[in-house]
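Input: a single structure, listed below in structure tokens.
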Amino acid sequence: MNNVRIWFARGSLLILCILAACSPDVPDEQAQERLLTDYLAAVQAGDRARIGQMCTPGVDATAEIDAAVSAVGGRQWRNVEVSWRRGDLAGAAVADVTAKDGTGKPIAMSVPLAKVDDRWWIALGSAVTDPGTPPAHTSPPG
């Protein structure tokens, strides 16, 4: 009977290890959720500098950060609900957030996330280009 228990325990452990190895998205989802939690806290606090640190490197997100803080920031939220859109593109996710502020005014926002160099970032803004590099020359067809 003891041999059966040992075999069962080893078999169960092996199955758990295989399942863990076949579930690479779980850590990614946890990283996305941590980033979103930090982002929502920074928006509620109106902390533009902190939000900027969470945005994709090489991107100017100043206008989008200002718009988010002006629209829904600088106040505490309640009844926060998040639904995720994942899986359409590798390295991209969108969190749809709904909540209410202290006065009961509804809040709704979509927060895009992107994975760059094995790290998740808030994907706001537009890429900053080097003003010294002219655009590629193209000729009209014909």
Report summary line: A correct Karplus calculation of ³J(HN,Hα) over region 115-122, with 6.51 cos²θ - 1.76 cosθ + 1.60, θ = phi - 60°, whole Hz and x for Gly and Pro, returns 9, 10, 6, 6, 9, 8, 9, 6
Report task. Would you mind checking which residues have amide H under 5 Å from VAL116's amide H? H placed 1.01 Å from N; only 5 or more apart, or other chain. Result -> TRP121
Query raised in the report: What is the set of long-range amide H partners of CYS55 at a cut-off below 5 Å, with H atoms built 1.01 Å from backbone N?
Result: ILE122
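In region 82-132, what percent of the accessible surface is made up of carbon and sulfur (1.4 Å probe, ligands and nucleic acids excluded)?
Values: 1650 of 3140 Å².
C and S atoms contribute 52 percent here.
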Report summary line: Here D for region 42-135, in µm²/s, from Stokes-Einstein with a Kirkwood Rh over Cα pairs at 37 °C and 0.692 mPa s, works out to 226
Requested in this report: Any chance you could list the semi-axes, whole Å, largest first, of the equivalent ellipsoid that the Cα gyration tensor gives for region 64-105, using √(5λ)?
Outcome: 25, 14, 6
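The values are calculated or read from the model by the stated rules, or taken from the named source; none is laboratory data. Worth saying up front: this structure is predicted, and the values here are computed from it rather than measured. Just the protein is used for accessible areas: all its heavy atoms, side chains included, with ligands, DNA and RNA removed. Shrake-Rupley method; radii C 1.70, N 1.55, O 1.52, S 1.80 Å.
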